[in-house]
1. Anything in the stretch 113-147 that is part of a helix (DSSP H, G or I) and either β-branched (V, I, T) or touching a strand residue (DSSP E or B) at 6+ places or on another chain (Cβ under 6 Å) (or both)? List them, or say none.
2. Any chance you could count how many residues in the stretch 113-130 are more than 15 Å from the chain's Cα centre (by Cα) and among the aliphatic types (A, V, I, L, M)?
3. Quick one: T32 ticks every box in (1) part of a loop (DSSP other than H, G, I, E, B); (2) surrounded by 15 or more Cβ atoms within 10 Å (Cβ to Cβ) bar one, so which box is it?
4. Within the stretch 1-20, does at least one residue satisfy the condition of being more than 30 Å from E132 (Cα to Cα) and in contact (Cβ under 8 Å) with a residue 24 or more places away in the chain?
5. Does at least one position in the stretch 15-29 carry a residue that is in a loop (DSSP other than H, G, I, E, B), of a type outside the set (G, A, S), under 17 Å from the mean Cα position of the chain (by Cα) and surrounded by 10 or more Cβ atoms within 10 Å (Cβ to Cβ)?
6. Got at least one residue in the stretch 62-69 being of a type outside the set (V, I, T), exposed (fewer than 13 other Cβ atoms within 10 Å of the Cβ), in contact (Cβ under 8 Å) with a residue 60 or more places away in the chain and part of a loop (DSSP other than H, G, I, E, B)?
7. Could you tell me whether the stretch 88-99 includes any residue that is hydroxyl-bearing (S, T, Y) and surrounded by 12 or more Cβ atoms within 10 Å (Cβ to Cβ)?
8. Going through Q54, Q74 one at a time, which residue ends up being over 18 Å from the mean Cα position of the chain (by Cα) and farther than 24 Å from A8 by Cβ?
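Every number here is computed from the coordinates shown, using simple stated rules; none is lab data. Just so we're clear, the structure is a prediction, and the values are computed from it rather than from any experiment. No Cβ is skipped: glycine too gets one built from the backbone with ideal geometry, and neighbour counts run over all protein chains shown.
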Amino acid sequence: TFSACFGAAFIMLHPTKYAAMLAEKMQKFGATGWLVNTGWSGGRYGVGSRIKLQYTRKIIDAIHSGALLNANYQKTEIFGLEIPAEIEGVPSEILDPVNAWADKVAYKESLLHLGGLFRNNFEVFADYKIGEDNKLTEEILAAGPVF
């Protein structure tokens, strides 16, 4: 299933309001955000496997040490996520999901399907303007998948 906002049934404000609050706090305090996959790798449930805890810990260690601030990155297609080229102690196929999937066609199909789910979800935000000049709304929409 696709959940655009964990705990959506319990949030009181529009999700873009929370995005604006997070962006404001991150800018105010100079925070850096990291998206770490701790779930499935190498295929959907039944094909792939969960990322090993030891790899997750190595990734978090690299974040905490600041090592990733100066790392080389490559950009993914569709979502435009930036993935570090290497992290000590973590196999490269874990970092870039396409490398973990034996079935590249299935990977591409899953990627396009997920991108479509995000694109459809982002349509909900198109008419909700936040920020004095609506710039934040535009930035949120621009962060969506491109294909």
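1. G115, V124, T137, I140
2. Final tally of qualifying residues: 3.
3. (2)
4. yes
5. no
6. The answer is no, given that none of the residues of the stretch 62-69 is of a type outside the set (V, I, T), exposed (fewer than 13 other Cβ atoms within 10 Å of the Cβ), in contact (Cβ under 8 Å) with a residue 60 or more places away in the chain and part of a loop (DSSP other than H, G, I, E, B).
7. First, the residues of the stretch 88-99 that are hydroxyl-bearing (S, T, Y): 92.
So of that shortlist, the ones also surrounded by 12 or more Cβ atoms within 10 Å (Cβ to Cβ) come out as 92.
There is at least one residue in the stretch 88-99 that is hydroxyl-bearing (S, T, Y) and surrounded by 12 or more Cβ atoms within 10 Å (Cβ to Cβ).
8. None of the other options fit; the residue is Q54.
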